[in-house]
Amino acid sequence: MAQDNQVRVLNRRSYYDGDVIFHEGDTGSQAFVVQQGRVRIVRTVEGGEKATLGIIEAGGIFGEMALIDKSTRMASAIADGTCVCISIPEETVRKKLKACDPVVRTVILMMIRMIRTVADETRLPPDTVDALTREVTEETVP
C-alpha cells in the first residue's frame, strides 16, 4: 500500500475529573493534545502540597518537553473535569523534530531548559485551602 493511501489512526482516550494522565518524575513516551476539556499541570511543592503550573485547554499540547530533552516529567498532568486527549508517540515527535532546521531544534531545546529552570526556581503557592491558610498565617504572624 502506498504511503499516501495509508490510514492514520489517532489514539484518543477519555479521562475523568482527577484522573492522572502522567506523574511528575515519570519518563515520557508520548505527548498529548487536549481535544476536549481541560488538563491541569501540577507540581509537588514544599510540604508535599500540589501547586498548579497551568491549565491546558482544548487544542493545547502537553508532555512534549520530556520527549524533546529526554528528561523526566517535571509535573503531573491531571484531568480537570472530563476531557479527551490524543496521544502523540515519542517516535512521531522525534521524526518531526529531526525534519526541523537544526537552529529551530536548538531554540526549542533552549526554551525547554529555560522553562525547567524557571519552574525549579519559582516558589509556587499550594492549591489547597488548608495550605494557603497556613502560608498566609506564617507570612502575617511575626
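Numerical summary
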item: From Arg73, Arg105, Arg113, residue being of a type in the set (Lys, Arg), within 16 Å of the chain's Cα centre (by Cα) and at pLDDT below 95; result: Arg113
item: Count - residues of region 41-68 that are under 13 Å from Leu124 (Cβ atoms) and touching a strand residue (DSSP E or B) at 6+ places or on another chain (Cβ under 9 Å); result: 10
item: Elements of type helices (runs of 4 or more DSSP H) contained in region 6-125, each with 2 or more residues being surrounded by fewer than 12 Cβ atoms within 10 Å (Cβ to Cβ); result: 90-99, 102-121
item: Test for Glu24: is it touching a helix residue (DSSP H, G or I) at 6+ places or on another chain (Cβ under 9 Å) and closer than 22 Å to Asp127 by Cα; result: no
item: Where Pro142 falls short, out of the listed (1) assigned to a loop (DSSP other than H, G, I, E, B); (2) at pLDDT 90 or above; result: (2)
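The values are calculated or read from the model by the stated rules, or taken from the named source; none is laboratory data. Just so you know, these numbers come straight off a predicted model, no measurement behind them. Using ideal geometry, Cβ is built from the backbone for each residue, glycine included, and neighbour counts are taken over all protein chains shown.
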